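A.B. asks: If you scroll down you'll find the structure; I have some questions about it.
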Amino acid sequence: MTEPLLLSTTRITTYDGDRVLTGATGFFFEREDQLFLVTSRHVFIDAASKHHPNRIEIELHTDEVDLRAMQVLSLFTYHEGFSLWRQASDGGGEIDVAVLPLPRESFPAGTVLRCFTPAHVQHTQPDVEVGQPLLVVGFPLGFHDTLHHLPVVRQASVASAFGVRFQGQGFFLTDARTHRGASGAPVVMRDAALGATLPWRLLGVHASRMDMGTRDLVLDESLGLNCAWYADILLTLTAPPAAAAATGASGAITQT
């Protein structure tokens, strides 16, 4: 049995019919017996790059001990013209996080995974300081342990004031080496108080690299900074519709 954190994350492949489009990272989130796949919104739709997949595949372990045992689950992203994923926006604009409800009845027998829950979501700022060590768990450029189907981990640190919306957007910055394919990766901080099942605090969802449009591509290196959207948006995206309306959730949930 491997470390629980590595079983919380899955590799996503997006398709247009049978045509492979992109690779990305997702992780599992459970709330009130409903299971969700969390990733970046641009994995499901990105108008700027004309990225419009209608199907994704995720990889699931099917044996507690033999990690080579894996099956692929295919999931449609639209039904009768409407998106099946949930996304949100707030006063700063669209939030680059989306969740897709997962039908447990479609899972292969013996599926092994670990799920973040609302209890894992970081809420308060005092526990997180600038420079705090973090991990980003994912599939950069699709790279992973292809025998055991496990992700790899990048070390990171908090690079902007945690709890403050960087430039008015709902994300903070991390300092880590990242690549395409890591979009949707969980950004976590170890917290043994959460128990052995998954002792990691969920701070954010990695989305993209941050750079300067004025940078000289010859003389100046990339900043090496990344955007991580605050994980508390998941409490809005995964709330039952009636509960979200009753509490006046800050993010406006949409399904296109």
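The values are calculated or read from the model by the stated rules, or taken from the named source; none is laboratory data. Note that the structure is predicted; figures quoted are calculated from it, not measured. When we count neighbours, we look across all protein chains shown, and the Cβ atoms used for this are built from the backbone with ideal geometry, even at glycine. Remember, those area values only see protein heavy atoms, side chains included, never the ligands or the DNA or RNA. Shrake-Rupley method; radii C 1.70, N 1.55, O 1.52, S 1.80 Å.
A.B. asks: What list of ³J(HN,Hα) values in whole Hz, one per residue of the range 50-65 in order, does the Karplus curve 6.51 cos²θ - 1.76 cosθ + 1.60 (θ = phi - 60°) give from phi, with Gly and Pro shown as x?
C.D. replies: Listing the rounded values in order: 6, 9, 9, x, 10, 7, 10, 10, 10, 9, 10, 6, 10, 8, 4, 9 Hz.
A.B. asks: Now a separate question. Only Lys, Arg, Asp and Glu count, each charged at its Cβ (+1, +1, -1, -1), so figure out the dipole size of the range 39-185 about its Cα centre, rounded to 20 debye.
C.D. replies: 280 debye
A.B. asks: At 4 °C and 1.567 mPa s, grab the translational diffusion coefficient of the chain from Stokes-Einstein with a Kirkwood Rh over Cα pairs, rounded to a whole number in µm² per second.
C.D. replies: Stokes-Einstein gives a translational diffusion coefficient of 70 µm²/s.
A.B. asks: Also: So, with +1 on the Cβ of K and R and -1 on the Cβ of D and E, and no other charges, what is the size of the charge dipole of the range 1-66 about its Cα centre, to the nearest 20 debye?
C.D. replies: 540 debye
A.B. asks: Rolling a 1.4 Å sphere over the protein heavy atoms, what is the accessible area per residue of the chain, to the nearest Å²?
C.D. replies: Using a 1.4 Å probe on heavy atoms only, each residue of the chain averages 48 Å².
A.B. asks: Explain nothing, just the number: dipole magnitude of the range 60-130 about its Cα centre with +1 on each Lys and Arg Cβ and -1 on each Asp and Glu Cβ, in debye rounded to the nearest 20.
C.D. replies: Here the range 60-130 has a charge dipole of around 220 debye.
A.B. asks: Just the number, please: carbon plus sulfur as a percent of the accessible area of the chain, 1.4 Å probe, no ligands or DNA/RNA counted.
C.D. replies: So the carbon and sulfur contribution to the accessible surface is 53 percent.
A.B. asks: Okay, moving on. Which residues' amide hydrogens lie under 5 Å from the amide hydrogen of residue 51, considering only partners 5 or more residues apart or on another chain, with H built in the peptide plane?
C.D. replies: For residue 51, whose amide H was placed from the backbone, the distant partners under 5 Å are 46.
A.B. asks: Also, I was wondering about something else. Please work out the Cα center distance from the range 142-158 to the range 187-205, rounded to the nearest Å.
C.D. replies: Using only Cα atoms to place each centre, the spacing works out to 17 Å.
A.B. asks: Lys/Arg Cβ at +1, Asp/Glu Cβ at -1, dipole of the range 100-202 taken about the Cα centre: which of 197, 117, 136 is farthest positive-ward?
C.D. replies: 136
A.B. asks: From the phi angles alone, apply the Karplus equation (6.51, -1.76, 1.60; θ = phi - 60°) to the range 153-162 and give each ³J(HN,Hα) in whole Hz, x where the residue is Gly or Pro.
C.D. replies: 10, 10, 7, 9, 9, 6, 10, 9, 4, 6
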